[in-house]
Structure formats: structure tokens, C-alpha cells
Amino acid sequence: MDIETFHIPGPALLRPRVFEDARGFFMESFNADVFEKLTGEAPHFVQDNHSLSRKTGTLRGLHFQAPPFAQGKLVRCISGAVIDAIVDIRKNSPHYGESLTVPLSAENKHMFWVPPGFLHGFATQAPDTEFLYKVTAPYHKDSEGSVIWNDPDLAIDWGLDVPPTLSEKDAVAPSFADFQSPFKGLV
């Protein structure tokens, strides 16, 4: 497995080794020892989530869960394609408010590690896109929060050619300027 790190410390793009032949392919999608060796992190995953987005242009995000229910996420796309986006919301980070985007697809088989302390979202680039999340804390409704997907201060390029399909909650999320991060420091 290869790893790509970024100018923002913490997130990592993981590229698994894929063995392909006439029958199809085989890959190791998670190995705790390899993950820790590559990232320096040893997350304890407690829940797996799986979403299906029927339409191209479905946008889910930007979401987070506040401490003590903050989630680290290892995400990947198993059908279709997405532009995956994160925003650093760790208050004392020199990269506070900066975003990163990465393409994830069934074709490239890449995985993206999103540590606690980041907003997260994705926009589908193909119909019938399936997305998997391994998370380090269970869903906790009272700890969830969001920021509007198209905030001009964040200027995220979602790669959309059509207006996005949003949930009611995502359509009315607060602006980044009105957001108060619950993350005191680098996690």
C-alpha cells in the first residue's frame, strides 16, 4: 500500500495494492498494522456505514461530530465516483479553514483517512455511487454539526456540472463564519 500525505497534517490518501487477473481483483482494504505503520495512527473502528447515492451530483456534507463523540473516518467508494472534501476545523491548526479534495472511485480503489477535527463531505460524479465509511465513534445525534457546502470562504471545488441534490439539513447548514469549532487543538 502507498500513502500520500498533504500540507495539512493528519489526513492521508491510501492506495492499496490491487491484484488483478482474468477473474477480477483482490485487495486488502484494511490492515491495522499496515495502517499504523503508514499513518502513525492506530484507530479503533467501531462502526461501518454504507451509503448509496442514486444521482450524479448528490452532495452529502459538510459534517462533523463534536468531542467526545468525534469521528475519525476511513472512507472509500466501491461503486461510481466522488469528489471527497475535508476542511480543517482544529482551532490551533495553522491550516484552520483550509480544505482538501481527492477523487475516490471504484476504479482507483483509493481510501481517504479523515482524522477527527475535520468537516467531511462528498459529491457524486456518477449515478448509483456507493460509499463506505469506517468510523472511530458511533453516530451521536446530539454531537452532529455541519457547515454549508458552498460557503464562499471555503471555496471547495466539488467538480459538479449540475446543481447538487442535497438533504434538507445540508441545504440550511450554517456558514463557516458563523461556525464555532468544538475542536480545541490538533487531535
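The values are calculated or read from the model by the stated rules, or taken from the named source; none is laboratory data. Everything numeric here is computed off the predicted structure, so don't read it as measured data. Here the Cβ is made from the backbone with ideal geometry for all residues, glycine too, and neighbour counts use every protein chain on show. Side chains are part of the model used for accessible areas, which takes the heavy atoms of the whole protein and leaves out ligands, DNA and RNA. Shrake-Rupley method; radii C 1.70, N 1.55, O 1.52, S 1.80 Å.
When each of ASP142, ASP84 is tested for being among the charged types (D, E, K, R), open to solvent by less than 30 Å² (accessible area, probe 1.4 Å) and either assigned to a strand (DSSP E or B) or under 17 Å from PHE69 (Cα atoms) (or both), the lone residue that passes is ASP84.
With ASP178, ASP170, ASP151 as the choices, which residue is open to solvent by less than 20 Å² (accessible area, probe 1.4 Å), assigned to a loop (DSSP other than H, G, I, E, B) and modelled with pLDDT of 95 or more? Walk me through how you get there before you give the answer.
On the way: ASP178 fails: open to solvent by less than 20 Å² (accessible area, probe 1.4 Å); ASP170 fails: assigned to a loop (DSSP other than H, G, I, E, B).
Exactly one of ASP178, ASP170, ASP151 is open to solvent by less than 20 Å² (accessible area, probe 1.4 Å), assigned to a loop (DSSP other than H, G, I, E, B) and modelled with pLDDT of 95 or more, namely ASP151.
Residue check: GLY61 meets all listed conditions (1) touching a helix residue (DSSP H, G or I) at 6+ places or on another chain (Cβ under 6 Å); (2) among the small types (Gly, Ala, Ser); (3) surrounded by 13 or more Cβ atoms within 10 Å (Cβ to Cβ) but one, namely (1).
Which residues, counting only those in the stretch 1-15, are outside any strand (DSSP E or B), surrounded by 11 or more Cβ atoms within 10 Å (Cβ to Cβ) and at pLDDT 90 or above?
Matches in the stretch 1-15: PHE6, ILE8, PRO9, GLY10, PRO11.
Take the conditions (1) outside any loop (DSSP other than H, G, I, E, B); (2) in contact with a strand residue (DSSP E or B) (Cβ under 7 Å, 6 or more places away or on another chain); (3) surrounded by 13 or more Cβ atoms within 10 Å (Cβ to Cβ); (4) of a type outside the set (Lys, Arg); PHE35 misses just one of them, which is (2).
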